[in-house]
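Participant: Okay, here's the structure, questions in a sec.
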Amino acid sequence: MVEITVETPSKKYPVFIGNSALTELSNHLQQRNYTKLLVITDEKVGELHLNTLKDVLPKNDDVFFFQVPTGEKAKQFSVYEQCLTFALENGLDRKSCIIAFGGGAVGDLAGFTAATYMRGIPFIQVPTTILAHDSAVGGKTGINHPLGKNMIGSFHQPEAVFYYTTFLKTLPAHEIRSGFAEAVKHSLIADRDFYYYLLENIQDLQQVDEEKLNYILKKGIEIKAAVVAEDERESGLRAILNFGHTLGHVIEATAGYGKVTHGEAVMTGMVYALYLSEEVLGLQFDIETFKKWIEKLGYQSQLPKDFNFELGLAGMKRDKKSYANKPRFVLLEDIGKPVIQEISEDVLRSVFSSFSIN
């Protein structure tokens with residue numbers, strides 16, 4: 001069992017990683033004595049793992065379950081409204097708790113429901129994907145708008161995170177890729193040694209043993225926790241966690257949410273950000289070796305052939321880091337030295353042209 005403490009200006013809470021995490025969840029629920037519990041999960045996770053979760057939940061009539069669509073389809077206004085309605089119908093109050101049981105999309109939706117229900121009630125994260133090692137920590141919650149990903153949301157820290165890694169054994173290949181991309185992101189923005197550890201030790205995402213996986217999760221969460229501790233509400237430093245996301249979110253939106261996984265889109269976005277870093281900041285980094293490595297792992301290093309740059313540019317201008325309709329990107333001066341930079345449309349267009357044919 002690994003325990004990490006996340007400390008922000010608004011809250012301090014634990015993250016438990018390992019095969020005893022559900023025991024820790026049971027202990028937490030006994031200590032807190034919430035009036036009612038609402039588990040929000042998706043159809044796929046519910047089918048695979050809900051019975052395992054039920055084994056550690058109180059055996060009474062004050063525990064409720066609500067299933068939502070799988071993946072990004074969960075993060076819609078209509079589904080969010082359904083969650084609020086279900087909570088109201090079942091009498092949740094301000095001393096009740098919502099349990100987010102699933103991947104990043106369920107965590108974002110359930111967290112936003114908790115953040116806005118009666119102006120905010122407690123919630124707990126019980127992640128079931130590798131990707132959620134990023135999204136479950138830090139308190140970002142929200143849903144999508146047709147014009148942009150995660151544009152509607154709130155900062156609302158969980159009471160605790162319980163990462164039962166046995167759940168990860170049922171993940172399909174594309175979900176493993178989606179989660180691993182965020183670990184790569186953490187290494188590039190914060191830790192050179194961690195990046196080279198990944199480059200040298202991870203050659204097949206289907207053959208990552210439990211020891212390596214737990215180490216990767218621990219390092220990723222520690223990096224994110226350190227950033228969140230400095231900048232809880234993304235007023236400055238925390239924006240570096242969006243490395244690769246400016247273009248990645250546009251790829252997701254233009255493909256249609258759920259058609260391309262978040263992490264796979266972000267990985268392509270990181271390649272573009274590396275080329276921009278090379279052009280704008282003179283980054284010394286072996287991009288070709290990086291591309292060969294991620295392609296071996298099953299990622300696409302290039303954009304979809306039908307991707308339209310002008311439509312993509314409009315999406316990048318709407319990104320939350322952008323001000324006055326001017327695109328701003330997280331770039332690297334070096335591994336572990338991210339900066340946030342406003343970039344002209346001409347440079348974006350020029351690098352895009354070379355990036356899309358490399």
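Participant: Enter the angle in degrees (range 0 to 90, nearest 10) between the Cα long axis of helix 345-355 and the first principal axis of the Cα atoms of the chain, meaning the one along which they spread out most.
Facilitator: It works out to around 90 degrees.
Participant: What is the pair-distance distribution P(r) of region 2-170, computed from all Cα-Cα distances in 5 Å bins starting at 0, with each bin given as a whole percent?
Facilitator: 2, 9, 20, 24, 23, 15, 6, 1, 0
Participant: Take the Cα atoms of the chain, build their convex hull, and give its volume per residue in Å³.
Facilitator: Once divided by residue count, the hull of the chain is 122 Å³.
Participant: Using a/c under 1.5 as the rounded threshold, could you call region 125-185 rounded, prolate or oblate? The axes a ≥ b ≥ c are square roots of the C-alpha gyration tensor eigenvalues, and prolate needs a/b larger than b/c, oblate otherwise.
Facilitator: Since a/c reaches 1.5 but b/c is at least a/b, the shape of region 125-185 is classed as oblate.
Participant: Another question, if that's okay. So what is Rg over Rh here for region 300-358, counting just Cα atoms and using Kirkwood for Rh?
Facilitator: Result for region 300-358 is an Rg/Rh of 0.98.
Participant: Another question about this same structure. By how many nm would the segment from residue 192 to residue 237 grow when fully extended, if each residue of separation counts as 0.36 nm and the alpha-carbon distance is taken off?
Facilitator: Between residue 192 and residue 237, full extension yields 14.4 nm more.
Participant: For helix 245-255, what angle does its Cα long axis make with the longest principal axis of the chain, in degrees from 0 to 90 and rounded to 10?
Facilitator: Once rounded, the angle reads 80 degrees.
Participant: I need the peptides 305-316, 251-262 ranked by packing, meaning the mean over residues of other C-beta atoms within 10 angstrom, with the highest value on top.
Facilitator: Taking the mean over residues of other Cβ atoms within 10 Å, the ranking is 251-262, 305-316.
Participant: Report, to one decimal in Å, the Kirkwood hydrodynamic radius for region 55-130 based on all distinct Cα pairs.
Facilitator: 12.7
Participant: Excluding residue 177 itself, calculate the net charge of residues whose Cβ lies under 12 Å from the Cβ of residue 177, where each Lys or Arg counts +1 and each Asp or Glu counts -1.
Facilitator: Summing Lys and Arg as +1 and Asp and Glu as -1 gives -4.
Participant: Right, next: Convex hull volume of the Cα atoms in region 180-355, per residue, in Å³?
Facilitator: In region 180-355, the Cα convex hull volume per residue is 116 Å³.
Participant: Where a Cα-Cα gap under 24 Å defines reach, which lysines qualify for residue 326, not counting those fewer than 8 residues away within the same chain?
Facilitator: Partners found: 140, 149, 185, 317, 337.
Each reported figure results from applying straightforward, stated rules to the coordinates on display, with no laboratory input. Since we're looking at a predicted model, the values are computed, not measured. Positions of Cβ are backbone-derived with ideal geometry, glycine not excepted, and every protein chain shown enters the neighbour counts.
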